[in-house]
Amino acid sequence: MTTAALFLILLVCMLLGMPIALALGLSSIATILFFSNDSLASIALKLFESLSEHYTLLAIPFFILSSAFLSTGGVARRIIRFAMSLVGHVRGGLAMASVMACMIFAAVSGSSPATVAAIGTIVIAGMVKAGYPESFAAGVITNAGTLGILIPPSIVMLVYAAATEVSAARMFMAGFIPGLLMGLILMVAIYIVARSRRLPTQPWQGFGEMLSSGLSAFGGLMLIVIVLGSIYGGIASPTEAAAVSAVYAYAIAVFGYRDMGPLKDVPWRREGEGTAAAAIRNLAAMTLALPRSITDPEVNKVVLDAAKVSIMLLFIIANAMLFAHVLTTERIPHHLAELIVGLGLSPWMFLVVVNLLLLAAGNFMEPSAILLIMAPILFPIAMRLGIDPIHLGIIMVVNMEIGMLTPPVGLNLFVTAGITGHSIGWVIRAAVPWLLLLLLFLVIITYVPQVSLFLPELLDKLHGY
């Protein structure tokens, strides 16, 4: 009775068009008040505990702030230039470089819509100008942008880690090979299409441009080393590394690349200026600009936008955890686990059900909410069937990637529509051929667990676990 009431109220609220956070909170509160033996005081207590006790979730605002600084600054432009110097001369190289740029930017942002916005704004217009069909360019970027939640550090992986209490560091490590594999699949497909359609190539720019562009993008690329190196080197936890990444992204955008803030457009070295004189002038300028950068309108806007996104996401998470609390209190996951195990489903059959369920949910709900609702239900069943929790987590993340591309809530579709000025229907038609590759990739991830587990298991062996 309690289970039926909980999900029925949630469904009615969603059909009425209520925001998902309010729907989760209202259905949970109504179930506790009218159908549960739980006390009303547990509502306020659980809302407080959901964000205060999960230390891992504190990393989310920092990664969002870091992503905001890098998306607003010139990091994306420099990463694209570097990727172009590597593969731009290959047939379809501009599109392949766009995928590579998405992979690199995903490793510094942790967000799928941010990756599409930062890279797509530049490369879609560039590909059209170079002679690529606009639908081809939009489809590639919309799909490649989903790597933002698969290649670590990933905000969605942090949410799964908080919901199931698995290691966020192991989840990050598990995302490496799948992320690289998905990027490789997209690039191979691009090359095949480019050869058949005789899409244009760019001239080889030489090793000098490769070195120059690599040095130009070095400041942004160092964020990957700082975050992941500090986590796997045992120097910092994911939350501490996220805090460092936010400070570093601010410093590189304001004082390094100078794409915003009081030093915007101020060159590092002026014509005819000596090295020593330039160093002294820059040191003095940065010292004087530090207090002004804190009150700079551009910097303040970035911080405010990041705060809005963080508050929205954390509000969804708090209400989803209240929903999960009701599920746990009423032992709903336990009863479902007993039921499914009693049906005699094999692990591979259970994973088929998981994928179908998550693909359906991805059409209507935000990824973090899906994970926080479904993980407490699916996790104990997977444990009973002997499925590794890290493997289950990567399967769920890949399903969330596909959810970014399916209407009516596919965030990447809306971002690409905003960039191109076309309708959502046009973007969907452009993205569908590449979405089929993502579905093939989901099958590989689901039934070849070592793709996800190789690096975490290797890390365990190196640490002697």
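The values are calculated or read from the model by the stated rules, or taken from the named source; none is laboratory data. Predicted model only: the values in this text are computed from it and were never measured. Note that each Cβ is placed from the backbone with ideal geometry, even for glycine, and that neighbours are counted across all protein chains shown.
In the set Arg258, Arg270, Arg331, only one residue is buried (at least 16 other Cβ atoms within 10 Å of the Cβ) and without any contact (Cβ under 8 Å) to a residue 12 or more places away in the chain; that residue is Arg258. Scanning the stretch 1-49 for residues that are touching a helix residue (DSSP H, G or I) at 6+ places or on another chain (Cβ under 7 Å), part of a loop (DSSP other than H, G, I, E, B) and among the small types (Gly, Ala, Ser) turns up just one, Ser36.
Any idea which residue in the stretch 1-30 is farthest from Phe364 (Cα to Cα), counting only those that are out of contact with any Asp or Glu (no Cβ under 8 Å at 6 or more places or on another chain) and of a type in the set (Ser, Thr, Tyr)? Break it down into steps so the answer makes sense when it comes.
Narrowing the stretch 1-30 to residues out of contact with any Asp or Glu (no Cβ under 8 Å at 6 or more places or on another chain): 1, 4-5, 7-19, 21-30.
Among the residues that remain, those that are also of a type in the set (Ser, Thr, Tyr) are: 27-28.
On the way: Ser27: 17, Ser28: 19 Å.
Applying the filter and picking the extreme gives Ser28.
Taken residue by residue, the stretch 176-195 has at least one member that is farther than 30 Å from Thr446 by Cα and either free of Cβ contacts under 8 Å to residues at least 60 places away in the same chain or among the basic types (Lys, Arg) (or both).
Go over the candidates Leu336, Leu356 one by one and state the one that is more than 29 Å from Leu147 (Cβ to Cβ), surrounded by fewer than 18 Cβ atoms within 10 Å (Cβ to Cβ) and of a type in the set (A, V, I, L, M). Talk me through it step by step, then tell me what you get.
Details: Leu356 fails: more than 29 Å from Leu147 (Cβ to Cβ).
From the options Leu336, Leu356, the qualifying one is Leu336.
From the list Phe207, Phe172, the one residue that fits, being over 25 Å from Gly145 (Cβ atoms) and in a helix (DSSP H, G or I), is Phe207.
Exactly one residue out of Val415, Val409, Val432 is among the aliphatic types (A, V, I, L, M) and not in a helix (DSSP H, G or I), and it is Val409.
For the stretch 43-62, a residue qualifies if it is touching a Leu at 6+ places or on another chain (Cβ under 8 Å), within 23 Å of Asp305 (Cα to Cα) and modelled with pLDDT of 70 or more, and the qualifying residues are Thr56, Leu57, Ala59, Ile60, Pro61. In this entry, Ser230 passes the filter for residues that are under 17 Å from Val108 (Cα atoms), buried (at least 17 other Cβ atoms within 10 Å of the Cβ) and either in the same structural domain as Leu440 (by TED's automatic domain parsing) or modelled with pLDDT of 85 or more (or both).
Would a scan of the stretch 273-290 turn up a residue that is more than 27 Å from Val166 (Cα to Cα) and either basic (Lys, Arg) or not assigned by TED's automatic domain parsing to the domain that holds Pro61 (or both)? I'd like the intermediate steps shown before the answer.
Start the filter on the stretch 273-290 by keeping residues that are more than 27 Å from Val166 (Cα to Cα), which leaves 273-290.
If we keep only those that are either basic (Lys, Arg) or not assigned by TED's automatic domain parsing to the domain that holds Pro61 (or both) as well, we get 281.
Yes, there is a match, as at least one residue in the stretch 273-290 is more than 27 Å from Val166 (Cα to Cα) and either basic (Lys, Arg) or not assigned by TED's automatic domain parsing to the domain that holds Pro61 (or both).
Annotation note: Cβ proximity below 9 Å between a residue of the stretch 140-156 that is not assigned by TED's automatic domain parsing to the domain that holds Thr416 and a residue that is of a type in the set (D, E, K, R) (sequence gap 6+ or interchain) occurs for Asn143/Glu401; Thr146/Glu401; Leu147/Glu401; Gly148/Glu401; Ile149/Glu401; Leu150/Glu401; Val156/Glu401.
Being surrounded by 19 or more Cβ atoms within 10 Å (Cβ to Cβ), closer than 30 Å to Leu437 by Cβ, touching a helix residue (DSSP H, G or I) at 6+ places or on another chain (Cβ under 6 Å) and not basic (Lys, Arg) is the requirement here; does Ile190 meet it? Give the derivation first.
On the way: surrounded by 19 or more Cβ atoms within 10 Å (Cβ to Cβ): yes; closer than 30 Å to Leu437 by Cβ: yes; touching a helix residue (DSSP H, G or I) at 6+ places or on another chain (Cβ under 6 Å): yes; not basic (Lys, Arg): yes.
Considered against the rule, which asks whether it is surrounded by 19 or more Cβ atoms within 10 Å (Cβ to Cβ), closer than 30 Å to Leu437 by Cβ, touching a helix residue (DSSP H, G or I) at 6+ places or on another chain (Cβ under 6 Å) and not basic (Lys, Arg), Ile190 comes out as yes.
Residues that are among the aliphatic types (A, V, I, L, M) and either under 21 Å from the mean Cα position of the chain (by Cα) or exposed (fewer than 15 other Cβ atoms within 10 Å of the Cβ) (or both) were ranked within the stretch 339-351; the one that is nearest to Leu24 (Cα to Cα) is Leu339.
Look at (1) at pLDDT 85 or above; (2) in the same structural domain as Leu26 (by TED's automatic domain parsing); (3) not aliphatic (A, V, I, L, M) and you find that Phe323 fails only one, number (1). Applying the criterion of being hydroxyl-bearing (Ser, Thr, Tyr) and in a helix (DSSP H, G or I) to the residues of the stretch 129-169, the residue that is nearest to Val193 (Cα to Cα) is Ser135. Scanning the stretch 360-391 for residues that are within 22 Å of Pro152 (Cα to Cα), assigned to a helix (DSSP H, G or I) and either more than 21 Å from the chain's Cα centre (by Cα) or touching a residue at least 24 places away in the same chain (Cβ under 8 Å) (or both) yields Pro367, Ser368, Ala369, Ile370, Leu371, Leu372, Ala375, Phe379, Pro389, Ile390, His391. When residues in the stretch 384-436 are screened for being among the charged types (D, E, K, R) and crowded, with 16+ Cβ neighbours inside 10 Å, 2 of them pass.
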